[in-house]
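These notes are about the structure you will find just below.
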Amino acid sequence: MSEISAQSGRKAARRAVIALVILGLCTAAVFWMNPADLYLWIKAVHVIAIIAWMAGMLYLPRLFIYHCDAEPGSQQSETFKVMERRLLRVIMNPAMTIGWALGLWLAWSGGFLSDGWFHAKLVAVIALSAVHGWFARAVRLFAEDRNDKTPRYWRMMNEVPTLLMIAVVIFVIVKPF
């Protein structure tokens with residue numbers, strides 16, 4: 001990787017970390033000020049985190065599909081490794097963590113912990129988190145040039161987060177039980 005590309009990557013990572021710190025501080029301030037009065041603000045930050053998480057969950061398998069076609073050790077493969085690592089570490093992991101933390105707080109403060117729809121949603125979110133873990137493992141395997149999955153496999157895996165997201169949205173909005 002060229003020095004310019006490495007510097008650009010470090011600058012982008014620095015900016016992302018600063019943005020995450022600011023978001024974390026704002027979230028902490030919301031809790032400190034009086035979270036009961038700021039329920040809708042917390043809900044908004046939760047939704048923003050989930051949108052960021054889902055964007056990553058839908059994009060990462062697409063990167064895997066293209067990465068499968070790159071020759072291991074090639075410039076293209078090395079670029080995909082950087083993109084996958086940054087997407088996971090800078091966007092997906094923090095977004096998932098914030099989404100979980102605020103989502104559990106919202107469920108507790110909203111009194112949803114005993115509702116059937118919430119239990120169904122929780123199962124779907126746990127499954128989505130497991131898929132996230134599977135994708136994180138794949139990022140590591142691609143980084144080590146040890147991917148053994150085909151582009152077709154990753155095309156199918158690309159649909160799993162979509163199906164789980166649809167289930168979560170239905171459980172939250174429709175509350176079927």
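Derivation of every value follows stated rules applied to the coordinates shown; laboratory data play no part. Just so we're clear, the structure is a prediction, and the values are computed from it rather than from any experiment. Positions of Cβ are backbone-derived with ideal geometry, glycine not excepted, and every protein chain shown enters the neighbour counts.
Report the FRET efficiency, 1/(1 + (r/R0)^6), for residue 109 and residue 144, where r is their Cβ-Cβ distance and R0 is 41 Å, rounded to 0.05.
About 0.45, to the nearest 0.05.
If the reach is capped at under 27 angstrom between alpha carbons, list the lysines near residue 11, excluding any in the same chain fewer than eight residues apart.
Answer for residue 11, where 27 Å is the Cα cut-off: 81, listed by chain and number.
Most fluctuating residue of 53, 32, 100 in a GNM of the chain with Cα springs under 10 Å: which is it?
Result for the chain, Cα springs under 10 Å: 32 fluctuates most.
Using r as the Cβ-Cβ distance of residue 117 and residue 93, and R0 as 30 Å, what FRET efficiency do you calculate, to the nearest 0.05?
Efficiency computed from Cβ-Cβ geometry: 0.65.
May I ask you to work out the translational diffusion coefficient for region 1-140 at 37 °C, viscosity 0.692 mPa s, via Stokes-Einstein with Rh from the Kirkwood sum over Cα pairs, reported in whole µm²/s?
Rounded, D is 195 µm²/s.
Among 33, 157, 57, which one shows the biggest mean-square fluctuation in a GNM of the chain, springs joining Cα atoms closer than 10 Å?
Its mean-square fluctuation being the largest, the pick is 33.
Test of understanding: what is the full-extension gain from residue 155 to residue 82, defined as 0.36 nm times their sequence separation minus their Cα-Cα distance?
Gain on extension, residue 155 to residue 82, equals 24.2 nm.
State the extension gain, in nm to one decimal, for the chain segment bounded by residue 175 and residue 8, taking 0.36 nm per residue of separation less the distance between their alpha-carbons.
The residue 175-residue 8 span can extend by a further 55.6 nm.
Between region 7-82 and region 88-127, how far is it from one alpha carbon centroid to the other, in angstrom?
Cα centroid to Cα centroid, the span is 17 Å.
Sequence neighbours fewer than 8 away in the same chain don't count; with that in mind, list the lysines whose C-alpha is under 30 Å from residue 175.
43, 121
With each label point set 7 Å from Cα along the Cα-Cβ vector, what nm distance links residue 127 and residue 22?
The answer from the label model is 3.7 nm.
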